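What follows is a short report on a single structure.
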Amino acid sequence: MKITFSLLAFLILGISCDSEKKEEPSPNFPEFVNGTFSFQNNQRKYILHIPESYDGRANVPLVVFLHGGGGNAQTAQGFTNFNTVSDSEGFLMLYPQAFFETAPDSYAWADGRGLAPDKLGIDDVGFVDAVVSALKSEYKIDNQRVYLCGFSNGSFLTQRIAFQKNSQFAAFGTLGGTMNESLFTDGDPGRAIPMMYVFGTADPLVPYEGGYVSGNTELEAVKGAEEAVTYWKENNNCTTARAKVELANINITDNSTVEVYSYTDCDCDADVKFYKVIGAGHTWPGVPLPYVHSFGETSLDIQASVELWNFFKQFTRCE
């Protein structure tokens, strides 16, 4: 009886002690990290947005966005509303900043078309790759689910990285830009890459049919949107062209509509998707801005950041 009673007391005590144990609290992470990173003997800047759900325990995806020419890491957030998607879906959101300053707080990437930062030897391809590698060592990032996208000048750099240093990224997204002629003619991505394009047919700066950005013949010409999409469809060996989808015209005041073209059954399952935004200009779909003639109309029938994430989240890195 004594042995039985002692054993029972031990079990009760053990249960009592276990019930008093509390789970270790999650570390507190700031919503934003204003980071610096040394590269090419320069202090480069970035902003990392951390969703509230991130606890530093489980690996999460990372989305990298490259701002347009004249933008910066701060303005990129309001321009895209990507942080809202990051918060709801639980991925880290990185905004690297270009180094070459065209005006106060306005920066341009060395995207390979012959801009001033190209001529100065600024290696933005290497910088983006290096800062992603550095953050992987500091945060719990899913190595197989890192995605890259950009707008305008940032979209041309996105394409350059897709050709020249794509190994860290599972999928790419390009808005308001395509690829320069030399990449199209001589570039070799070396593998199939999931690719999403969003382009306004009335873009006044980057011609839908290709040519010179803003009419500047001193820079290298760029390919048209449909040519660029065809390039990736063929690079990825996509064998099925899905039927065109005409999205609902949910906003009849934005003077635009959206058609979606999808190419599937590709090598590495690297689908290609094209949002043809008819009537829209050099703008970010889904984020209303005051109409400016030099940029054109903004489509409000889709939210580009949501569409990008819905595309990205299908893919893990294919080696």
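Derivation of every value follows stated rules applied to the coordinates shown; laboratory data play no part. Keep in mind the model is a prediction, meaning the values are calculated, not measured. Backbone-built Cβ (ideal geometry, glycine too); neighbour counts: all protein chains shown.
Normalised by residue count, region 185-233 yields a Cα convex hull volume of 79 Å³ per residue. Each of 185, 316, 257, 178 was scored by other Cβ atoms within 10 Å of its Cβ. Arranged with the fewest first, they read 185, 316, 257, 178.
Once fully extended, how much extra length lies between residue 239 and residue 259, figured as 0.36 nm per residue of separation less the alpha-carbon to alpha-carbon distance?
Working: separation 20, 0.36 × 20 = 7.20 nm, distance 2.01 nm.
Stretched fully, the residue 239-residue 259 segment lengthens by 5.2 nm.
Dipole of region 27-312 computed with +1 at Lys/Arg Cβ and -1 at Asp/Glu Cβ about the Cα centre; of 202, 27, 149, farthest Cα towards the positive end is 27.
Does the chain classify as rounded, prolate or oblate by the C-alpha gyration tensor (a ≥ b ≥ c root eigenvalues; a/c under 1.5 gives rounded; else a/b over b/c gives prolate, otherwise oblate)? In terms of gyration-tensor shape, prolate.
Computed from phi, the 3J(HN,Hα) profile of region 200-212 under the Karplus parametrisation 6.51, -1.76, 1.60 (θ = phi - 60°) reads x, 5, 10, 5, x, 9, 9, x, 4, 8, x, x, 9 Hz, with x in place of Gly and Pro. Between 0 and 90 degrees, rounded to the nearest ten: what's the tilt of helix 124-138 against the longest Cα principal axis of the chain? In the chain, helix 124-138 runs at an angle near 10 degrees to the longest axis.
Backbone amide hydrogens, once placed in the peptide plane, bring residue 266 within less than 5 Å of 239, excluding anything fewer than 5 places away on its chain. Residues in region 217-231 carry Karplus couplings, in order, of 6, 7, 9, 5, 5, 10, 7, x, 4, 5, 4, 5, 4, 4, 4 Hz; the curve used is 6.51 cos²θ - 1.76 cosθ + 1.60 with θ = phi - 60°, and Gly or Pro positions show x.
Could you work out the Rg to Rh ratio of region 13-170, with Rh taken as the Kirkwood radius (inverse of the mean 1/r over all Cα pairs)?
1.10
The phi-based Karplus calculation (6.51 cos²θ - 1.76 cosθ + 1.60; θ = phi - 60°) puts the 3J(HN,Hα) values of region 28-41 at 8, 10, x, 5, 10, 10, 8, x, 10, 8, 7, 8, 6, 6 Hz, whole numbers, x for Gly and Pro. Judged by the gyration tensor of its Cα atoms, with axes a ≥ b ≥ c, region 229-314 is prolate; a/c meets the 1.5 cut and a/b is the larger of a/b and b/c.
For residue 107, the amide hydrogen comes within under 5 Å of the amide hydrogens of 70, 71, 102, counting only partners 5 or more places away or on other chains and with H modelled in the peptide plane. For the chain, the longest principal axis of the alpha carbon atoms and the long axis of helix 153-164 meet at an angle near 80°.
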